[in-house]
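Comments concern the structure below.
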Amino acid sequence: MTPTSATVSFTLNGEPQTFFTTPNEKLLDLLRREGYRGAKFGCGQGTCGACTVLLDGRAVYACLLFSMQAEGREVRTIESVGTLDKPSEFQQELIDGGAVQCGYCIPGMVMSATALMEAEDHYNDEIVREYMDGNLCRCTGYEKIWAALRRVLDRREAAPSASR
Ligand code: FES
Ligand code: FES
């Protein structure tokens, strides 16, 4: 049976938006169809984190959510965090630290790190692991990614108001 078309309204990267969708469309598919292609399709099963976006400030797997579950909520994608011309602090550290290989995992990593930085004032390895362990990287062995993140977090702890 053909799924019935519907609309869904939510705030996307700070702008109220309404999209056509279907009851079985995943949020990731809607976002990518609408041009927000930073979120990637990896496993489609909630295990790799390539599709990570923020839903009301929490990192979620957009491949697992139906688009209609975003109704009335706030969705943020990597496009709201940084661009090629104006990378975020963490993105710049990833570049400077040579932490990016194929890059497929990086938008998801950045979104999970964004959730961490917005929710927590103090950081330790356990907290970093809690936020970041849902994001897999097939290329790098993680060390340079986590080192880049720790540099950002260390600066934030040293000068909280300057880096927020
Ligand atoms: S594509 Fe969503 S968790 Fe892998
Ligand atoms: S840089 Fe290739 S998957 Fe992480």
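The values are calculated or read from the model by the stated rules, or taken from the named source; none is laboratory data. Keep in mind that what you see is a predicted model, and the values were worked out from it rather than measured. So basically every Cβ, Gly included, is an ideal-geometry build from the backbone, and we count neighbours across all protein chains shown.
Numbers at a glance
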read-out: Selection within the range 130-141 - within 17 Å of the chain's Cα centre (by Cα) and assigned to a loop (DSSP other than H, G, I, E, B); value: 133, 134, 135, 136, 137
read-out: Residue 115 being within 16 Å of residue 38 (Cβ to Cβ) and assigned to a helix (DSSP H, G or I); value: yes
read-out: Qualifying residue in the range 46-53 (condition: at pLDDT below 95 and exposed (fewer than 14 other Cβ atoms within 10 Å of the Cβ)); value: no
read-out: The range 132-151, residues that are in contact (Cβ under 8 Å) with a residue 40 or more places away in the chain and either in the same structural domain as residue 62 (by TED's automatic domain parsing) or crowded, with 20+ Cβ neighbours inside 10 Å (or both); value: 135, 145, 148, 149
read-out: When residues of the range 99-119 are limited to those that are farther than 16 Å from residue 51 by Cβ and in contact with a helix residue (DSSP H, G or I) (Cβ under 6 Å, 6 or more places away or on another chain), the one farthest from ligand 1 (Cβ to nearest atom); value: 99
read-out: Every residue from the range 54-81 that is within 20 Å of residue 128 (Cα to Cα), surrounded by 15 or more Cβ atoms within 10 Å (Cβ to Cβ) and in contact with a Lys or Arg (Cβ under 8 Å, 6 or more places away or on another chain); value: 54, 55
read-out: Within the range 1-109, strands (runs of 3 or more DSSP E) holding 1 or more residues that are outside the structural domain of residue 134 (by TED's automatic domain parsing) and under 11 Å from the mean Cα position of the chain (by Cα); value: 52-55, 58-61, 74-76
read-out: Condition check for residue 123: among the hydroxyl-bearing types (Ser, Thr, Tyr) and closer than 22 Å to residue 48 by Cβ; value: no
read-out: Yes/no for residue 66 being hydrophobic (A, V, I, L, M, F, W, C) and within 17 Å of residue 109 (Cα to Cα); value: no
